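Computed from the coordinates by the stated procedures, all read-outs in this text should not be read as laboratory data. Source: prediction; values computed, not measured. With ideal geometry, Cβ positions are generated from the backbone for all residues, glycine too; neighbour counts draw on all protein chains shown.
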Amino acid sequence: MRIVIIGGTGNISTSVVRLLLGQGHDVTCYNRSGAAPDGARPMQGNRHDRPAYEAAMQAARFDAAIDMIGFSPEDAESNLRAFRGIGHFVHTSTVCVYGIQYDWLPASEDHPLRPITQYGRDKAAMDARYLRAFYEDGFPVTVLRPSTTHGPKQGLTRQVAWDFSWIDRIRKGKPIIVCGDGNALHQFLHVDDAAPAFAGVLGHAACFGQVYHLVARGYTTWAEYHRTAMRVIGREVDLIGVPFEDLRRLNVPDFGICEEIFAHHVYYSAEKLYRDVPAFNPQRTLEDAMRDILAAMDADGRVPNSDELTWEDRIIAAQRRVRA
């Protein structure tokens, strides 16, 4: 199958490209840099030059397309023009379309959408537009909604901030912060376990017009997540719980990821994906995934020196004074 990946060099898409190539597909990566993983065909261009992008996609006559970097309703309208006559189109959405208020857990794909961020609202609008195109015009779309899908390119995140210094803190025996009691539910999936979902839906008419949660079964808590990291690193440190409202007021750098997602229960059902895509069968434990990601981060020198940052020690000292 001749497949184009819009993107192709990112956190999830690198694994998707590698798997598709291994399955014998002819894979092209379309992006601004003209970069592509080994074995894939590079195709340089800017999707925001809509006429050129749409003409290029129509001229290439791909069998299938996977959009990893569609972020706006305008991107969706452009894709509907670019991929007229495509055999299958896969849209990468997000669980952020649900927001943080749930009527039931684990949330299934028919749960009401209540996005609280512009990112979530735009993805929800895209999902709706593609599904309308399926029902009205037969556009062969499948929507995948990943949760936290981590890998070597993204790095190993934490609960309270978009920050990697916590890894160095553990290595040096320093305590780290969690939000509240650290018991917010969350789901993690390694990128290599996510890739079979993309490959598995391709070309299957039963997946047209369907929405799937791209998550593994089960969940963990953020407290257990951080303790798992301690086991991988080989050092145990104190977890210091700080109330959400305090963290919000204390100017934690890059706190938005916690405020918008990680402070809240995030738990989705993947039963529909397991049923329809037998190839989706995640194998990596959280501990295995962490070992892989940490090794890549260390190789690239992406773990910052925590001694150069003061915000976490300042908050921990204040919290301990309050408790005392």
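Before moving on, here are some points about what is shown:
- Most mobile listed residue (TRP222, TRP162, TRP311) in the chain, GNM with C-alpha springs under 10 Å: TRP311
- Charge dipole magnitude, Cβ of K and R +1, D and E -1 - region 253-324, Cα centre, debye nearest 20: 360 debye
- Relative packing of 14-21, 41-48, which averages over residues the other C-beta atoms within 10 Å, highest first: 14-21, 41-48
- Of THR285, THR228, THR92, THR310, the sequence from fewest to most neighbouring Cβ atoms within 10 angstrom is THR310, THR285, THR228, THR92.
- Tensor-based shape of region 30-164 (alpha-carbon gyration tensor, a/c under 1.5 rounded, otherwise prolate or oblate): oblate
- In plain terms, the residue of LEU294, LEU113 with the fewest other Cβ atoms within 10 Å comes first and the most crowded comes last, giving LEU113, LEU294.
- Overall form of region 205-291: oblate. Here a/c, set by the Cα gyration tensor axes a ≥ b ≥ c, is 1.5 or more, and a/b is not larger than b/c.
- Put a plus charge on the Cβ of each Lys and Arg, a minus charge on the Cβ of each Asp and Glu, and nothing anywhere else: the dipole of the chain about its Cα centre is then about 240 debye.
- Under the shape rule built on the C-alpha gyration tensor, where the axes satisfy a ≥ b ≥ c, region 90-163 is prolate, since a/c reaches at least 1.5 and a/b is greater than b/c.
- In this simple spin-label model, placing a label point 7 Å from the Cα along the Cα-to-Cβ direction at both ARG2 and ARG248 gives a separation of 5.2 nm.
- Selection from VAL97, GLY120, ALA82, by position along the positive dipole direction of region 72-127 (Cβ): ALA82
- Within the chain, helix-based [θ] at 222 nm, where runs of 4 or more DSSP H residues each add -39,500 (n - 2.57), nearest 500: -11500 deg cm²/dmol
- Charge tally in the Cβ shell below 14 Å around ARG81, where Lys, Arg are +1 and Asp, Glu are -1, ARG81 excluded: -3
- Taking each residue as 0.36 nm, the span from ARG321 to TYR135 lengthens on full extension beyond its C-alpha to C-alpha distance by 61.0 nm.
- Under the span-like rule (Cα at least 30 Å along the axis, Kyte-Doolittle mean at least -1.0), DSSP H helices of the chain: none
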